[in-house]
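Notes follow the structure.
Read-outs throughout are calculated quantities, based only on the coordinates presented, and are distinct from any laboratory measurement. Quick caveat, the model's predicted, so the values are computed rather than measured. Positions of Cβ are generated from backbone atoms using ideal geometry, with glycine treated the same way; all protein chains shown enter the neighbour counts.
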Ligand SMILES: [Zn+2]
């Protein structure tokens, strides 16, 4: 009987989401964090970040709900709750905390969330896609080359920061319409802007070595 069940699970695991509790061997869903028969914590399953945090799968997510679910899951898997549990359960709880934190960090940031969204939709840019710098990025690079004092660098950092903010708004808007090509283009522009703003800050730092 056991063998039959295990075969069935292996057979169906990819699409039927049928799993066995490691402790009592009862059937569980892939999303079950605890066994509803024996109460044991289950290993971290391969589910996406949205499922992990119990959120509706959409690119414009509800950030308040994200914070709330994250806090609640961290409480659920808090080490103190597993103090008198077995080593196996302590280990699983730690893995859950890690997975929940990773999902939260990814989804909270609109740029990494967008990149993840493209991956989920199998719409990532091809490796060899040629990217041409937009006019605005070329202009900012020009400003960077010419900036030789803190005032110019501060102005450039502010301008670059504004471009990043606008880029993120544009990114979410093209993702909503499933315009994957534009989304990949905006993402690569955002990468360029992030690299630039880091360079600007470093140059600024080098001009004021004693500033706190
Ligand atoms: Zn169980």
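For the chain, the longest principal axis of the alpha carbon atoms and the long axis of helix 180-207 meet at an angle near 60°.
The simple Förster model, with R0 at 25 Å and r as the Cβ-Cβ distance, assigns residue 36 and residue 86 a FRET efficiency of 0.85.
If R0 is 30 Å, what FRET efficiency do you get for residue 26 and residue 65 from their C-beta distance, rounded to 0.05? Using R0 = 30 Å, I get an efficiency of 0.45. The length gained on full extension between residue 122 and residue 108, counted as 0.36 nm times the residue separation minus their Cα-Cα distance, comes to 3.0 nm.
Note on residue 145/residue 57: beta-carbon distance plugged into 1/(1 + (r/R0)^6) with R0 of 45 Å gives a FRET efficiency of 0.55.
Between residue 79 and residue 164, the simple spin-label model (points 7 angstrom out along Cα→Cβ) gives 3.3 nm. Against the main long axis of the alpha-carbon atoms of the chain, helix 87-108 sits at an angle near 30°. With the simple spin-label model, which puts each label point 7 Å out from Cα in the Cβ direction, the residue 155 to residue 48 separation comes to 4.5 nm. Taking the longest Cα principal axis of the chain as reference, the axis of helix 135-146 is set at about 60 degrees. With bins 10 Å wide beginning at 0, the percent of Cα pairs of the chain falling in each bin runs 7, 24, 24, 21, 15, 7, 3, 0.
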